[in-house]
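Starting off with a structure, shown below.
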Amino acid sequence: MKPADDLLRSGDYARKQIYSRSRLVRWSHGSRFEVARALVAPQAGGRLLDYGCGDGTFVAMVHADFAEAVGVDVDPAQVEETARRLGRLPGVRFGLTPAAARAAQTGSTASPAEGAWDVVTCMEVLEHCLEDERRRVIGELRRLVAADGRVVVSVPIEIGPALAGKQLARAAAALRGLGDYRHRERYSPVEFARALVGLGVARPVLEGHGFGGLYRYHGHKGFDYRVVAGELAERFSIVRRVYSPMRALGAFLNSQAWFMCVPR
């Protein structure tokens, strides 16, 4: 069974992105989920884990193709809300990531078992992690996936010519009052020029409040997907690279980079 549109629309992320009033936003993010579905399709019938599941949109979209589909996230309030909305779908569960479960001293039955997952997805998560945390999460993905399984990672492209198009689209969305785009990160002229030619830009460290108190994270500014590719290659063999939403253009004018990985 496929979840009804109103079930997906009730998710905060889905409402702002794949059901956005902006055709461009809908197309870009809709294409992202289409790519994700295609990349996990070879593991259909097995067990899927979505690491950093957010509002559970992807789990809801693909659960019928898998014997079990579990989403995990770091925020107990987010997990509780997502489980309330989507937890009755067949074969679907939601819980905390292993590290978050340990921090909360929770032994949830939805906590993912190591080495048990035929496919692990981690989409639009790593760019927000500080460097040490990002490497820790990549190590956790390696421990969670089965020896013959697959890990699918997506991250945004925030360097090169693609950045100019994305900043323009974000500014247009902000003018229309869409989503949270009015809070987008800004670049100085020097920073923008450096990012356009693929050079490094300092990454601001932001702060928020979660279940464990104050936490620190990155936005998109200064993120370089090539760094993540190198870190993934330390733990996995990258067997396929895909770019979306316009696959033929490679990284040149696309929004996301995708990495299909197998354990070393």
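Pop out the Kirkwood hydrodynamic radius of the range 1-67 from its pairwise C-alpha distances, inverse of mean 1/r, in Å to one decimal.
When all Cα pairs of the range 1-67 are included, the Kirkwood radius is 12.5 Å.
For the range 1-83, calculate the relative contact order in percent as a whole number, restricting contacts to Cα pairs under 8 Å that are 6 or more residues apart.
29
Shifting gears a bit: Putting +1 on Lys and Arg Cβ atoms and -1 on Asp and Glu Cβ atoms, find which of PHE223, LEU163, LEU206 reaches farthest to the positive end of the dipole of the range 153-239.
Positive-end residue among those listed: LEU163.
OK, next. Please give the charge dipole size of the range 16-117, origin at the Cα centre, charges +1 on K and R Cβ atoms and -1 on D and E Cβ atoms. Round to the nearest 20 debye.
Using only the charged Cβ atoms, the result is roughly 420 debye.
Moving on. Suppose a student asked you for the relative contact order of the chain, using Cα pairs under 8 Å spaced at least 6 residues apart; what percent would you report? The partial results should precede the final answer.
Working: 489 pairs, mean separation 46.0, N = 264.
Answer for the chain is 17 percent.
Using a probe of 1.4 angstrom, how much of the accessible area of the chain is carbon and sulfur, in percent? Show your work: numbers first, answer last.
Working: 6760 of 12460 Å².
Carbon with sulfur: 54 percent of the solvent-accessible area.
Please work out the average accessible area per residue across the chain, using the 1.4 Å probe convention, and give it in Å².
For the chain, the solvent-accessible area averages 47 Å² per residue.
At 222 nm, what value in deg cm²/dmol follows for the chain if DSSP H runs of at least 4 each add -39500 (n - 2.57) and the sum is divided by all its residues, to the nearest 500? Could the numbers behind the result be given before it?
Numbers: 10 runs with 99 residues, N = 264.
Estimated from H runs of four or more residues: -11000 deg cm²/dmol.
Just for the Cα atoms in the range 1-147, what are the lengths along the principal axes, largest first, rounded to whole Å?
Projected onto the principal axes, the Cα atoms of the range 1-147 cover 39, 33, 28 Å.
Additional query: Amide H of GLY71: which non-local residues (sequence gap of 5 or more, or other chain) have their own amide H closer than 5 Å, using H built in the peptide plane?
ASP50, ARG93, PHE94, GLY95
What shape does the chain have by the C-alpha gyration tensor, where a ≥ b ≥ c are the square roots of the eigenvalues, rounded means a/c under 1.5, and otherwise prolate means a/b greater than b/c and oblate the rest? Let's see the in-between values first.
Values: a/c = 1.42, a/b = 1.32, b/c = 1.08.
It comes out rounded by the Cα gyration axes.
To continue, here is another question. I'd like the antiparallel share, as a percent to the nearest 5, of DSSP beta bridges with both residues in the range 40-197.
Antiparallel bridges make up about 0 percent of those DSSP assigns within the range 40-197.
Considering only protein heavy atoms, with the full assembly of protein chains and a 1.4 angstrom probe, order HIS63, HIS128 by accessible area, largest first.
From most exposed to least exposed: HIS128, HIS63.
The values are calculated or read from the model by the stated rules, or taken from the named source; none is laboratory data. Everything numeric here is computed off the predicted structure, so don't read it as measured data. For neighbour counting, all protein chains shown are included, and Cβ atoms are generated from backbone atoms with ideal geometry for every residue, glycine included. When the accessible area is computed, the model is the full protein with side chains, heavy atoms only, and any ligands, DNA or RNA have been set aside. Shrake-Rupley method; radii C 1.70, N 1.55, O 1.52, S 1.80 Å.
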